[in-house]
Amino acid sequence: MRPTTLDEVIGQTHLLNDGEILRQIVKRKEPVSLILWGPPGSGKTTLARIIAEGVEAEFIELSAVTSGKKDVEKVIEHARQNWNLQLRTVLFVDEIHRFNKAQQDAFLPHVESGLITLIGATTENPSFEVINPLLSRSRVLVLQPLTKDEIINILKRALKELDKAKLVTPKALDYLAELSGGDARVALGNLELSLSMNESKVTPEVVKVAAQKRVPGYDKKGEMHYNVISAFIKSMRGSNVDATLYYLARMIDAGEDAKFIARRMVIFASEDIGLAGNGALGLALNAFQAVERIGMPESSYILFHVATALAKSEKSRATTDAMYAAQSLAKQYPDAQVPIHLRNAPTKLMKDLGYAKDYKWEADFKHNKGFLPDELSDKKIF
């Protein structure tokens, strides 16, 4: 079911509409090195193959998981032979983020000379996983997860091709699309399993048995990890309880470390609630200790309880803003002299020199000369 032309591709209209970059590359037959960044099943490999075909180049595919230095050298040698025959070479590297820095460096001179056109595919943020020299010589294109309607269209096209459209109920199609998480491969794989299980009629019940439980597309060290925890924090900051609990549920469902979530809530209690609710820090800290001692899955009660409380709390950034202001001032004036009347005076000589002069050890005592160094006397932090 893999499309062979741009017109057959479903989704990614922001790259494929008239005038958009991929359409222009194929139309002009001028290959460009690309980094295709997107989730699994969004069409990265398909688009790379179509581009190679469209620019009349030989398509060579490597996987960074299974390929090594010798494989790359073979491709470069083959590309030289193509060059002598006036044939272009498009090298597609799947999961390019799995190549280390030295391996990625090996592509640079050949990309620069035009010997190969490199198309890398990655599910991880290329800013962190692809070396800067390679990024600067490539265009980074972001692919989106396919929408539910797009997945349904892909499934309908597959069923039409198989002449089995009448075997799958509309509700089953809808459920297949729902389970796919925007991944066309998952959707087609589940469809194939469902058809093989019951050839008379595929219903949502049949799909449920065939597909089992969909594993969330969540990598605890990857992009999604940072995106979801960021959304969780921002939802608490915005006092949106519904969004807070949704993102929390996603993290727990994906197997995120409960202590990591609790640790973030402890930080949030001071950073975003602060003086508006001094009890929030104690509550969050108790949650962390409870999670540490109890473990999952029972700690879910504690995480949901405290996340709800933090989201509903009034917010104050006063101490956070004051911290940044104080740190900035300390960097700007790192050597400002401590006023002599505030200095410790353990010896008679020090007292004679004016150390701790007129200072009184009493609650809320305010010295008439103030507390900040002279050059900072007019500065306000809080």
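What to note about this one:
- Taking region 230-300 as the region of interest, the helices (runs of 4 or more DSSP H) fully inside it that hold 1 or more residues being touching an Asp or Glu at 6+ places or on another chain (Cβ under 8 Å) are 258-268.
Results for (1) over 28 Å from the mean Cα position of the chain (by Cα); (2) closer than 19 Å to L135 by Cβ; (3) modelled with pLDDT of 95 or more; (4) not aromatic (F, W, Y), shown as yes or no for each residue.
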position: R23; (1), (2), (3), (4): no, no, no, yes
position: V32; (1), (2), (3), (4): no, yes, no, yes
position: P39; (1), (2), (3), (4): no, no, no, yes
position: G43; (1), (2), (3), (4): no, no, no, yes
position: R49; (1), (2), (3), (4): no, no, yes, yes
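- Residue tally, condition β-branched (V, I, T) and either assigned by TED's automatic domain parsing to the domain that holds I10 or part of a helix (DSSP H, G or I) (or both), over region 184-204: 1
- Among residues of region 301-319 being assigned to a helix (DSSP H, G or I) and more than 27 Å from the chain's Cα centre (by Cα), the one that is surrounded by the most Cβ atoms within 10 Å (Cβ to Cβ) is T319.
- A Cβ distance below 7 Å, combined with a sequence gap of six or more or placement on separate chains, defines the contacts here; from region 356-382, residues that are touching a residue at least 12 places away in the same chain (Cβ under 8 Å) reach residues that are of a type in the set (D, E, K, R) and assigned to a loop (DSSP other than H, G, I, E, B) in the pairs A356/R343; H367/D358; L372/K379.
- Number of residues in region 99-129 that are at pLDDT below 90, hydroxyl-bearing (S, T, Y) and either in contact with a Lys or Arg (Cβ under 6 Å, 6 or more places away or on another chain) or not in a helix (DSSP H, G or I) (or both) equals 1.
- In summary, P40 fulfils each of the numbered conditions (1) in contact with a strand residue (DSSP E or B) (Cβ under 8 Å, 6 or more places away or on another chain); (2) under 26 Å from G182 (Cα atoms); (3) surrounded by fewer than 16 Cβ atoms within 10 Å (Cβ to Cβ) with the single exception of condition (1).
- Considering residues of region 131-154 that are among the polar types (S, T, N, Q) and touching a residue at least 40 places away in the same chain (Cβ under 8 Å) only, the residue surrounded by the fewest Cβ atoms within 10 Å (Cβ to Cβ): T147
- Residue that is under 23 Å from E8 (Cβ atoms) and either of a type in the set (V, I, T) or in the same structural domain as L22 (by TED's automatic domain parsing) (or both), where the choices are F92, F107: F92
- Residue match in region 140-151 (condition: among the polar types (S, T, N, Q) and in a helix (DSSP H, G or I)): no
- Against the list (1) surrounded by fewer than 19 Cβ atoms within 10 Å (Cβ to Cβ); (2) within 24 Å of S180 (Cβ to Cβ); (3) touching a residue at least 60 places away in the same chain (Cβ under 8 Å); (4) touching a Lys or Arg at 6+ places or on another chain (Cβ under 7 Å), the condition V65 fails is (3).
- Exactly one residue out of A326, A345, A322 is among the hydrophobic types (A, V, I, L, M, F, W, C), outside the structural domain of G282 (by TED's automatic domain parsing) and not in a helix (DSSP H, G or I): that is A345.
- Qualifying position, being out of contact with any Ser or Thr (no Cβ under 6 Å at 6 or more places or on another chain), touching a residue at least 12 places away in the same chain (Cβ under 8 Å) and of a type in the set (A, V, I, L, M), among A243, A290, A307: A290
- Within region 5-21, the set of residues being under 24 Å from I152 (Cα atoms), in contact with a helix residue (DSSP H, G or I) (Cβ under 7 Å, 6 or more places away or on another chain) and surrounded by 15 or more Cβ atoms within 10 Å (Cβ to Cβ) comprises L6, V9, I10, G11, L15, L16.
- Which numbered condition N132 fails, given (1) modelled with pLDDT under 95; (2) under 30 Å from R23 (Cβ atoms); (3) more than 20 Å from the chain's Cα centre (by Cα); (4) not charged (D, E, K, R): (3)
- Here H97, H78 are screened, and the one residue that is in contact with a strand residue (DSSP E or B) (Cβ under 6 Å, 6 or more places away or on another chain) and either buried (at least 19 other Cβ atoms within 10 Å of the Cβ) or under 26 Å from E30 (Cβ atoms) (or both) is H97.
- From the list G11, G54, the lone residue that is touching a Leu at 6+ places or on another chain (Cβ under 6 Å) and of a type outside the set (V, I, T) is G11.
- The number of residues in region 155-183 that are part of a helix (DSSP H, G or I) and buried (at least 21 other Cβ atoms within 10 Å of the Cβ) comes to 7.
The values are calculated or read from the model by the stated rules, or taken from the named source; none is laboratory data. None of these values were measured; they are calculated from a predicted model. Because the Cβ atoms are built from the backbone with ideal geometry, glycine has one as well, and the counts that use them run over all protein chains shown.
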